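**Q** Have a look at this one before I ask anything.
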Amino acid sequence: MPRSSLPIFDGLRRWLQSGVLMLLLVSLSIGLSGAGWNFFGSSGRESRLPSGNAITDGKALLRYALPIDNKPVRELQASLEDISTQLRSNRRWSAISSDISRASLILSDRQPQLLESVPQELKPEAETLLKDLQAGFPDLRAALEAQDKEEILKERSKLLDKVGQLENTMVQKFPFEVPAQYSNLPQLKGRATVEMTTNKGNLTIVLDGYSAPVTAGNFVDLVQRGFYNGLPFIRAEESYFLQTGDPDGPEQGFIDPTTGKYRAVPLELLIKGDEAPMYGITLEEAGRYLDRPVLPFSAYGAVAMARPEFEANGGSSQFFFFLFEPELTPAGLNVLDGRYAIFGYVIEGKEVLDKLKQGDKIESALVIEGAENLVQPQVA
């Protein structure tokens, strides 16, 4: 679809902001072109991502996406996550106090249950994290007593980072087998962190191979090859998206020097309740209109694979940052979930995304953590 389709998207945004026609998000398909592509076209983990209002924090989404099954740690996380909700709701101090008390009680009374999911070799690390968590609660209570909103959020964030580290120790193994037909592609069997330097500042991105191993693996491999170094941002729509990854020359994706061919990456979607991702088909095409991905487009700085409009398996190197707009992404009612594969979130440097425009550049990208989780294709 040509760039002339953009007024349609702008019109829909105005309708949404006025509170009219929100349900059109369920059925409408909006086209945005970039480098010749229309990438906006026409049991398992079910308990790990709560329903209800959209979660707008990428770190929280990453925590809930971990393949673990430990009820106490999820209750601990949920209690701390709820604090920000209460702060937005006219600062409900008594509700925040209850959240803190509930989380503190879990730490004091349910340590054996918290530790039972941790492999033996990681138990010392987990025990240290539990002590650090307990030591952090007095500062959170002090911030509550002072009714200092910013301090409460800061101390809560520190504790949730520790909870995330604790949850990471509970991952026993990679949770599923990737179909053999994708064994020719790199796969990320876990998490990785990429530091991306742009001419406007730095971005830190956490990639989730537990939810999108092929998509994230492709990205990590390209980062390690230096593919993105020096590439410009080719499309930038304020409050919507920021796209890059188009190499110089006529090609619109990565040409694998080993094969001399375009490396195509399948559409890869892990859906709540499924044990493994589905490949090569959108949720709409699968008739799963009400299902939700484990990694949704509800957080500012979601990182997703771009692709041609009518080629679910046509992605390669181009990707985009989604610039979260609440009116455009109500929980379960947006046109992007289930159409494009998210494979990570920006966790630091979100303010840089606001500054980047078309023509700005990625100066460098580097895997700073989790490179050992990348599995390269086996050569016969």
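**Q** Figure the gain on full extension for residue 161 and residue 261 (residue separation times 0.36 nm, minus the Cα-Cα span) and round it to one decimal in nm.
**A** The residue 161-residue 261 span can extend by a further 31.8 nm.
**Q** Assuming a ≥ b ≥ c are the square roots of the Cα gyration tensor eigenvalues, decide whether region 112-235 counts as rounded (a/c under 1.5), prolate (otherwise, with a/b larger than b/c) or oblate. Write down the numbers at each step before the final one.
**A** On the way: a/c = 3.33, a/b = 1.39, b/c = 2.40.
Judged from the Cα gyration tensor, region 112-235 comes out oblate (a/c at least 1.5, b/c at or above a/b).
**Q** If Lys and Arg each add +1 and Asp and Glu each add -1, what is the summed charge of the other residues whose beta carbon sits under 13 Å from the beta carbon of residue 337?
**A** Working: positive: 272, 288, 292, 339; negative: 284, 291.
Result for the neighbourhood of residue 337: +2.
**Q** Ok, one more. Kirkwood Rh, Cα Rg: Rg to Rh for region 254-369?
**A** 0.98
**Q** Next question. Multiply the residue separation of residue 78 and residue 123 by 0.36 nm, subtract the distance between their alpha-carbon atoms, and state the gained length in nm to one decimal.
**A** My answer for the length gained is 13.9 nm.
**Q** At what distance in nm do the modelled label points of residue 102 and residue 145 sit from each other, each positioned 7 Å from its Cα along Cα→Cβ?
**A** 2.4 nm
**Q** For region 240-311, what value does the Rg/Rh ratio take when both radii are computed over Cα atoms and Rh is the Kirkwood radius, given to two decimals?
**A** Rg/Rh: 1.01.
**Q** Could you list which residues have their amide H under 5 Å from that of residue 341, counting only those 5 or more apart in sequence or on another chain, with H placed in the peptide plane?
**A** Here the answer is 268, 305, since their amide H atoms fall under 5 Å of that of residue 341.
**Q** Then there's this: Run the quick spin-label model on residue 276 and residue 371: label points 7 Å from Cα toward the beta carbon, then report their separation in nm to one decimal.
**A** In this crude label model, residue 276 to residue 371 measures out at 3.0 nm.
**Q** Over all distinct alpha-carbon pairs, what is the Kirkwood Rh of region 59-182 in angstrom?
**A** Working: mean 1/r = 0.0656 Å⁻¹.
By the Kirkwood definition, the hydrodynamic radius is 15.2 Å.
**Q** Work out how much length residue 131 to residue 225 would gain on full extension: take 0.36 nm times their residue separation and subtract the Cα-Cα distance, in nm to one decimal. Please report the intermediate quantities before stating the final value.
**A** Values: separation 94, 0.36 × 94 = 33.84 nm, distance 4.04 nm.
So the chain would gain 29.8 nm between residue 131 and residue 225.
**Q** With only alpha-carbon pairs counted, each pair once and no self-pairs, how large is the Kirkwood hydrodynamic radius of region 77-131 in angstroms?
**A** Roughly 12.5 Å, rounded to one decimal.
**Q** Average projected area of the Cα convex hull of region 173-251, in nm²?
**A** Over all viewing directions, region 173-251 projects a mean Cα-hull area of 6.9 nm².
**Q** Pull up all non-local amide H partners of residue 54: gap of 5 or more, or a different chain, and H-to-H distance under 5 Å with H placed in the peptide plane.
**A** 331
**Q** Kindly write out, for region 64-71 in residue order, the coupling ³J(HN,Hα) from the Karplus curve 6.51 cos²θ - 1.76 cosθ + 1.60 (θ = phi - 60°), rounded to whole Hz, with x marking Gly and Pro.
**A** 5, 7, 5, x, 10, 9, 9, 4
**Q** What's the ranking of 347-357, 201-211, 60-70 by average number of surrounding C-beta atoms within 10 Å, highest first?
**A** Per-residue mean Cβ counts within 10 Å order the peptides as 201-211, 60-70, 347-357.
**Q** Tell me which residues come under 5 Å, amide H to amide H, from residue 235 once H is placed; ignore anything under 5 positions away on its chain.
**A** Excluding prolines and chain starts, which carry no amide H, the hits are 243.
Read-outs: derived from the displayed coordinates by stated rules, not from any lab. Predicted, not measured: the structure shown is a model, and the values here were computed from it. Cβ: placed from backbone, ideal geometry, glycine included. Neighbour counts: every protein chain shown.
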